[in-house]
Amino acid sequence: MQRIPSIHKYCNRWCERCPFQGRCAFYIAKQDDSQEIDWSEGLEERLSEEAPHPFQSLDLNQAEALQKRMEAREKAGPFDIQKSPLTLFFNKWHKKYQAALIEFTKSAWAQKLAKQAFLKDLDDLILDNSLQVMRHYSYFIGPKITRALGGKHDELNMASSIQSDWNGSAKVACLALKHLRLAFEDLLEKEVLNHDELIDLLGDTNRLIKLLYFEFPELDLFVRPGFDAMDDKRLRGSF
């Protein structure tokens, strides 16, 4: 089966639920990490190749643009990600999220689910899924937002790049938040957690998503290898 290049860079790292396991080099490497790779294979041929001249592919226009960006970055001064409005609100939201996860983990519902070898009841399946989703993203979103903010600052906003790494990181963070939002909505319907606190968490989740779109308005346009090339309905259980 053919691999999809770089598919693992913009996924939710939930390999167990991914329909592209067999086409992801990252997943395959994890499953076969004991296999020894002969890095010397083809070494003689590579060493015999003539190295290209260092200025062969130099684009003077790009070099000049890079110099201007560097000068603008120096004038702008240091960028403190921790003082970004998006980061500050995320930190506030994350505390509520962690508190809800701890409450759910200690709840009678969670204890009941843990004792079952097989889940057959629909309500149990929904609750178990919500718990797994909340656990999975517990420390996933923060690093993605930090990567997105840092990358965007490096670009200095001088030119929007839809397929930039920072835009892709922002999209993955947004998709994770939307996945969490569905889990919160299911918990609200099942009345598992404190109603008022869950309503507050849902409201803050929506506000965090809006902040992401405000900071990265083109995030939906980023095309993730593999995932965004198919109909979304075919990828249930994964993004």
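Values quoted throughout were computed directly from the atomic coordinates according to the rules given, and no laboratory measurement underlies them. Note that the structure is a prediction, hence the values are computed from the model and not measured. Note that each Cβ is placed from the backbone with ideal geometry, even for glycine, and that neighbours are counted across all protein chains shown.
Quick rundown of the values:
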{"item": "Reachable lysines, given that their alpha-carbon falls under 29 Å from the alpha-carbon of Lys120 and they are not under 8 places away in the same chain", "result": "Lys106, Lys112, Lys178, Lys190, Lys233"}
{"item": "Reachable lysines, given that their alpha-carbon falls under 16 Å from the alpha-carbon of Lys30 and they are not under 8 places away in the same chain", "result": "Lys9"}
{"item": "FRET efficiency, Arg207 to Asp186 (Cβ-Cβ, R0 25 Å, nearest 0.05)", "result": "0.80"}
{"item": "In Hz, Karplus ³J(HN,Hα) per residue of segment 195-206 (6.51, -1.76, 1.60; θ = phi - 60°; x = Gly, Pro)", "result": "4, 5, 5, 6, 4, 5, 5, 5, x, 5, 5, 5"}
{"item": "Order by protection proxy (mean Cβ within 10 Å, highest first), peptides 190-198, 137-145", "result": "137-145, 190-198"}
{"item": "FRET efficiency estimate (nearest 0.05) - Cβ-Cβ, Cys15 to Ser161, R0 35 angstrom", "result": "0.75"}
{"item": "For segment 84-235: Kirkwood Rh in Å [reciprocal of mean 1/r, alpha carbons]", "result": "16.7 Å"}
{"item": "Cα-based Rg of segment 75-136 normalised by 2.2 N^0.38 Å, two decimals", "result": "1.71"}
{"item": "Under the Karplus curve 6.51 cos²θ - 1.76 cosθ + 1.60, θ = phi - 60°, whole-Hz ³J(HN,Hα) for segment 178-189, x wherever Gly or Pro sits", "result": "5, 5, 5, 4, 4, 5, 4, 5, 5, 5, 5, 5"}
{"item": "Highest average packing first - 214-223, 173-182, Cβ atoms within 10 Å", "result": "173-182, 214-223"}
